[in-house]
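K.L.:
The structure under discussion is supplied below as structure tokens; questions concerning it will follow.
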Amino acid sequence: MNQQYQNRQVLLASRPTGMPTKKDFEFRDIPVAEAQEGQVIVRTLYLSVDPYMRGRMNDSKSYIPPYNLNEVIAGGIVGEIVESKTNLFQAGDKIIGMLGWQLYNTVDAKTVRKIDESMAPVSAYLSVLGLTGLTAYFGLLDIGQPKKGETVVVSGAAGAVGMLVGQIAKIKGARVVGIAGTDKKCDYLKNELGFDAAINYKTTKNLDQDLEQACPNGVDVYFDNVGGAISDAVMNLLNDHARIPLCGAISSYNSTDDNMGPRIQSKLIKTRSLIKGFVLSDYADRQSEGLQELGIWLSEGKLKYEETIVDGFDNVIVAFLQLFQGTNLGKMLVKVSDPAK
């Protein structure tokens with residue numbers, strides 16, 4: 001074991017029922033594994049907490065295997081190489097990878113990718129230039145295919161994916177309506193990101209009526225991040241041949257009841273609409289395309305992004321749980337350490 005560094009990690013201690021609690025997780029202090037030939041030791045700088053991780057805490061079939069009990073939780077991490085046993089990296093290089101929630105990861109060098117610090121702050125590679133940016137890019141453009149003058153509605157619009165979806169739709173010339181959970185978020189969407197309208201679903205007296213006013217020409221693309229009653233309402237306004245990229249359903253991730261709502265099949269048939277679920281791994285062979293385009297828009301000032309950063313590794317569970325309280329604006333990250341150089 002490497003005696004130079006002291007490691008600390010987060011394990012899944014039990015499978016949550018409903019909303020997770022701190023008792024479902026365990027912090028453990030362990031030695032750092034020595035790097036073997038072809039491996040690197042990575043010190044975590046930022047780690048990403050994401051809603052999809054809640055599904056991995058259940059022991060059920062999905063597009064990605066569940067976390068194992070009493071094993072370290074894994075997610076997107078930006079880190080710094082502190083020791084390298086390969087010519088692919090040297091100490092000080094900044095990398096991104098799907099790594100364990102721990103202070104240090106000893107991994108095969110081929111499982112991580114070097115990032116360009118000159119292009120954007122390293123944390124951006126977990127947001128606009130990372131999984132969330134690529135999810136917005138491919139989900140909207142490949143499935144939603146917004147056209148100039150069409151109406152695009154985005155639920156969870158002030159979240160990491162939603163705010164980028166809305167901006168990309170504006171770049172493509174669409175009218176964009178965002179749905180979020182606070183007046184502050186709605187103001188941000190309209191005044192900072194250029195959304196044409198925004199609806200606070202928590203304070204509206206009549207969501208159907210407000211949606212109809214915001215979408216006088218109906219809905220051509222609905223980017224669905226939340227599911228539930230919000231999506232039920234949007235379905236009533238679908239135009240013929242509408243497209244629905246189905247990205248998430250955070251409204252039901254912690255539900256212990258049957259997730260029952262209006263039947264949408266007849267609406268999809270009548271409007272000949274397309275609804276398609278997707279995950280980013282569907283576009284694994286096209287990620288360089290998405291990153292290049294996102295990078296161009298970012299450099300041209302066409303994309304803005306926000307990060308809600310929680311400081312300290314010991315607060316990682318707090319940050320994860322806050323995802324389901326809607327406190328974050330943009331991407332929720334945990335800052336673990338500063339780079340050494």
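Values quoted throughout were computed directly from the atomic coordinates according to the rules given, and no laboratory measurement underlies them. Keep in mind it's a predicted model, so treat the numbers as computed, not measured. Here the Cβ positions follow ideal geometry from the backbone for every residue, glycine too, while neighbour counts run over all protein chains shown.
K.L.:
Looking at the square roots a ≥ b ≥ c of the eigenvalues of the Cα gyration tensor of the chain, which shape do they give, rounded for a/c under 1.5, prolate if a/b is larger than b/c, or oblate?
P.N.:
prolate
K.L.:
Test of understanding: given the chain, find the longest segment containing no GluC sites (Glu not before Pro) that are in a DSSP loop and have at most 14 other Cβ atoms within 10 Å.
P.N.:
Between the exposed loop sites, the longest stretch runs 193-299.
K.L.:
Taking the number of other C-beta atoms within 10 Å as the exposure measure, put M163, M235, M57 in order starting with the fewest.
P.N.:
M57, M235, M163
K.L.:
I've got another one for you. Where does each of S231, S60 land when they are ranked from fewest to most other beta-carbon atoms within 10 angstrom?
P.N.:
S60, S231
K.L.:
Want the number for M119 to A91: 0.36 nm per residue separation, take away the alpha-carbon distance, what's left?
P.N.:
8.1 nm
K.L.:
Which whole-number percentage describes the relative contact order of segment 1-129, with Cα contacts under 8 Å and a sequence gap of 6 or more?
P.N.:
Contact order relative to length: 28 percent.
K.L.:
While we're looking at this one, here's another question. How large is ³J(HN,Hα), in whole Hz, for each residue of segment 221-231 in order, when computed from phi with the Karplus curve 6.51 cos²θ - 1.76 cosθ + 1.60 and θ = phi - 60°, using x for Gly and Pro?
P.N.:
9, 10, 8, 9, 9, 10, x, x, 5, 4, 5
K.L.:
Taking 0.36 nm per residue of sequence separation and subtracting the Cα-Cα distance, how much length would be gained by fully extending the chain between M19 and F324, in nm to one decimal?
P.N.:
Using 0.36 nm per residue and subtracting the Cα-Cα distance, I get 109.0 nm.
K.L.:
For segment 182-235, which trypsin sites (Lys or Arg not before Pro) are both in a DSSP coil and crowded by at most 14 other Cβ atoms within 10 Å?
P.N.:
Answer by residue number: K202, K205.
K.L.:
For segment 133-282, rounded, prolate or oblate, judged on the Cα gyration tensor with a ≥ b ≥ c (square roots of eigenvalues), a/c < 1.5 rounded, else prolate if a/b > b/c?
P.N.:
Rounded shape, in that the Cα axes give a/c under 1.5.
K.L.:
What's the exposure ranking of I73, I264, I275, going from fewest to most Cβ atoms within 10 Å?
P.N.:
On the way: I73 22, I264 16, I275 19.
In order of increasing Cβ crowding within 10 Å: I264, I275, I73.
K.L.:
Go through K110/K172; K23/K85; K185/K270; K172/K267; K148/K335 and tell me which ones have a Cα-Cα distance over 32 Å in this structure.
P.N.:
Beyond 32 Å between Cα atoms: K110/K172; K23/K85; K185/K270; K148/K335.
K.L.:
A follow-up question, please. Between K190 and F278, what is the spin-label point distance in nm, taking each point 7 Å from the Cα along the Cα→C-beta axis?
P.N.:
3.0
K.L.:
Which distance in nm do the two modelled labels at D59 and D29 give, with both placed 7 Å along the Cα-to-Cβ direction?
P.N.:
If labels sit at D59 and D29, their model points lie 3.1 nm apart.
K.L.:
Now for a separate question. Determine the distance separating the Cα centre of segment 274-341 from the Cα centre of segment 1-75; give it in Å without decimals.
P.N.:
18
K.L.:
Round to the nearest 10 and give me the degree value, 0 to 90, for the angle of helix 160-171's Cα axis relative to the longest principal axis of the chain.
P.N.:
Rounded to the nearest ten degrees, it is 50.
K.L.:
Separate question: Classify segment 8-144 as rounded, prolate or oblate from the Cα gyration tensor: take a ≥ b ≥ c as the square roots of its eigenvalues, call it rounded if a/c is under 1.5, otherwise prolate when a/b beats b/c and oblate if not.
P.N.:
Oblate shape, in that a/c is at least 1.5 and b/c is the bigger or equal ratio.
K.L.:
Further, regarding this structure: Setting aside same-chain residues fewer than 8 positions from K22, which aspartates and glutamates have a Cα under 18 Å from its Cα?
P.N.:
K22 reaches D50, E71, D311, D314.
K.L.:
Are there any trypsin sites (Lys or Arg not before Pro) in segment 45-117 that are in a DSSP loop and have at most 12 other Cβ atoms within 10 Å? List them by number.
P.N.:
Those that pass, being in a loop and sparsely packed, are K61.
K.L.:
I've got another one for you. Modelling each spin label as a point 7 Å along the Cα-to-Cβ direction, I'd like the K148/Q292 distance in nm, to one decimal.
P.N.:
If labels sit at K148 and Q292, their model points lie 2.4 nm apart.
K.L.:
How far is helix 287-299 tilted, in degrees, relative to the longest principal axis of the Cα atoms in the chain, given as a value from 0 to 90 rounded to the nearest 10?
P.N.:
80
K.L.:
For the chain, what does the relative contact order come out to in percent, with C-alpha contacts under 8 Å and a separation of six or more?
P.N.:
17
K.L.:
What aspartates and glutamates does K276 reach when the alpha-carbon gap must be under 17 Å and sequence neighbours fewer than 8 apart in one chain are set aside?
P.N.:
D142, D220, D224, D232, D240
K.L.:
Give the relative contact order (percent, whole number) for segment 81-137; include only Cα pairs under 8 Å separated by 6+ residues.
P.N.:
Details: 46 pairs, mean separation 13.8, N = 57.
RCO, segment 81-137: 24 percent.
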